[in-house]
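As structure tokens, the structure follows; a few thoughts come after it.
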Amino acid sequence: MSETNTVNNDLTLDIKEDSEIFLEFLSEVHDHLEESESNILSIEDENCDYEVINAIFRSIHSIKGSAGFLGLTDMQGLSHELEALLDKARKGEISITQEIIDISLSAIDALRKLRDNLAIRVDIELGKITGTDTSQKEQPIDIQPFVDGITSILNDDSKPRETESQVNINNSEQTDDFWAKDDAEPSKEGFLGEILLDEGTITQEQLDKALEDGNKKIGEILVDDGITTPDMIEMALSEQKPIGKILAEKGIITEPQLDNALKQQGKKVGERLIDSGATTADSIDSALQSQQTQRSMKLQARTVKVDTGKLDNLFDLVGELVIANTLICGEMKSVNNNGTSKNLSQLTKITKDIQDQVMSMRMVTLKQTFQKMSRLVRDVSQRSGKKVKFIISGEETELDKNVIEEIADPLVHILRNSVDHGIESAEDRIAKGKPHEGSVSLSAFHRGGNIVIEIKDDGKGLQKERILQKAIDKGLVSNQSSMTDNQIYNLIFAPGLSTADKVTNISGRGVGMDVVKKNIEKLRGKVDVTSQEGVGSTFTIRLPLTLAIIDGIVVNVGGTKYIIPTVSIEESLQPKQEEISTVKNQGEVINIRGNLLSLVRLHKLYNIKTTKTIPWESIVVVVEGAEGKYGVLVDELLGQQQVVIKSLGDRFKNVKGISGGAILGDGKVGLILDVTGVREAFVGHN
Amino acid sequence: MKKVLIVDDASVVRLLIKKVLKQGDFDIVGEAVNGVDALEKYKEFKPDIVTMDITMPEVDGIQATKDIIAFDADAKIVMLSGIDQKEMLWQAIKAGAASYIVKPFEKDRILSTLNEVINSNNSGS
């Protein structure tokens, strides 16, 4: 365009003026990179199909385009190279090697750094942070090595396409594809048709007919029969969804039939299924049509992106709404009006529904976190030269987004330790008769109102003697004779204890497990470890579903109200006189059906004046903390309530046994007991 | 005001094009993020002109151009493409696209191309 360019024609953008565009770009690039990374990692896992590489290509292409607009030459340049590499891969011109996967991952890391640098620049421009803030500084990054790395691979594409270590790209078909290939070989494991025949799903006649046509492609047969047109077939071929799947979904063949058949037959299932008479030509046509519908339906699941700040505000407001509602209900109890109480219960119900909805908005799956961990395990195992199989399960489990944000660091620490210290070298493993490849699993699941995240390795396990010796050396324990194995293992969470022979750059330097424990406790969670020497270790993290609300039993001690989280409560009872006694070295104990539990008098612990000091005239609540069960002596039970947790602020953070406050139904403040902390405070008190 | 439908999977690009078009006599009636979406939005909004990206998930810009032309033979579609997608551009033109703009985009170029395409076909049907 040689015509006179007006000012501002080159579309240079100003961060301040076009902040909306820049912020959008940052979030878009973030999403693209996350998605690409997990896609690349999935290539590594197993045979990949064309669509996965295509998706990565599109993401990187999109970054390149947008970066070009915004004049971000580094990001544009690097994504351009990566795109070129992916383009060749998706066209099948080069095969995916470990080298390509590695360079793609590091290029994505570099792009991420470039993005983060831009984010900092934008924040500075928008005045969100000051340029002098050292924690938020741009990290200069040189993209040249990555560009060179990719170029050298691109220039070296004369390599033979098939070598041992390559990951196969299934270039046009998914592994469970239903379209027979011309060169389809008779499978030794039995044809699908025979399987279906055995099961009585189809008749011999139907099978024979299918076998007659066996050498043709289904598309050709259908066209020959005049049932459909080449266009229709082409459309079908361009679909990614296997026809068999759609037939199964439409109920023409059943999912178990299909699965079973696929399992027995191996990966290749021919057109015999489709043409075997188990389905008709009509069904295929309508299946083809339904592909179209499904495609557009998929697009209708629309989402809206919301600023998390707004979400937090909404959540706080709903918390206030719940409290206000509780207050009104409390005040109106005395008013005996049928209409009012009916309306009130309606209001309560709606409030509860709103609360549930808002809660669910804050729930996010662990998927992204787990994906990050799979990258971490991959990197750590590569760096330490160990072969580690990483198994993930339960990544669909949902947690409060605030918990998700905080849980990544502890997981990183534990996983690093498992790979670096837990898993032995391949030689050691073989010598011990273990498979040379170590295994680490990360799983998440619900258990009793909690989310449990478990990290399990099959490494050498924790060395009990060593831990104990170190703990004694550091003066962390004095009397080891009374400690159980589990108590000893859990000493690794004590400050200043690291069991590594030497400090490596991977697993840190002794600032580890105690920080892990602190972080998890901050989330009102618990972590512990079990281990068996030579067999492996298991770390178990228990987390609350949400940080914001708990179900609790309100109890009264003197004039003070406490809330005990319902999940911690085993039972409550009024003991008999003969069930209470004092044991040496233990203090007061209560005998509950033969089990001796120590009795914590809350009024003594927190110095409250009360008239109810005789256990058999008061109530004992049996709770379970990290250290086991014990009884809490309280004046009376006041009722059950869901409360919104309020932080007590820094001033009270050192009060042991109290995890927060909450506004109760009568508008007064109740203190939330942390049963593990109460027990610790009690032990310290005595 | 001429009605425009912007088709691009990158929201940054959509924002930019919007920014440019607002300086001309255009009314952005809709945005689509892929080829399927593009056809639906075209049917819904009946725009005077469409700006179309090529590389998009689900259904790409070339197929979307074919689909839209099949629905409305007079549809006016301008392809927006990268410099390295000339081959694809040719396919798009064969599919019925009226014109194209190659990146890096310039404001004047976008506005003049769109105006030209809209006016060219006034006598058409």
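Values in this text are rule-based calculations from the coordinates and carry no lab data. As the structure is a prediction and not an experimental result, all values here were calculated from the model. Every residue, glycine among them, receives a Cβ derived from its backbone with ideal geometry; neighbour counts consider all protein chains shown.
A few points about this structure:
- Peptide A:79-88 has a mean of 1 when you count, residue by residue, the C-beta atoms of other protein chains within 10 Å of its C-beta.
- Förster radius 51 Å - calculated FRET efficiency between A:Gln144 and A:Asp514, Cβ distance, rounded to 0.05: 0.75
- Ordered by the number of other Cβ atoms lying within 10 Å of each residue's own Cβ, fewest first, A:Lys434, A:Lys16 fall into the sequence A:Lys16, A:Lys434.
- Note on segment A:391-495: dipole from Cβ charges, positive end direction compared against A:Ile488, A:Ile414, A:Gln469; the farthest Cα belongs to A:Gln469.
- Ranked list, fewest to most other Cβ atoms within 10 Å of each Cβ, for A:Val634, A:Val669: A:Val669, A:Val634
- Per-pair calculated FRET efficiency, R0 = 25 Å: B:Asp25 and B:Asp72 via Cβ, rounded to 0.05: 0.70
- Selection among A:Leu376, A:Asn313, A:Gln346 by position relative to the dipole of segment A:296-395 gives A:Leu376 as farthest towards the positive end (Cβ unit charges, Cα centre).
- Calculated FRET efficiency, A:Lys432 to A:Gln469, Cβ-Cβ distance, R0 = 22 Å: about 0.40 to the nearest 0.05.
- For chain B, the relative contact order works out to 22 percent when only alpha carbon pairs closer than 8 Å and six or more residues apart are counted.
- Gain upon complete extension [A:His446, A:Lys387; 0.36 nm per residue less C-alpha separation]: 18.2 nm
- Each residue, A:Lys137 and A:Ser42, gets one label point 7 Å from its Cα in the Cβ direction; the gap between the two is 4.0 nm.
- Here segment B:2-117 is assigned +1 on the Cβ of each Lys and Arg and -1 on the Cβ of each Asp and Glu. Its dipole about the Cα centre then comes out at about 300 debye.
- By the count of neighbouring beta-carbon atoms within 10 Å, fewest first, A:Tyr562, B:Tyr100 end up ordered B:Tyr100, A:Tyr562.
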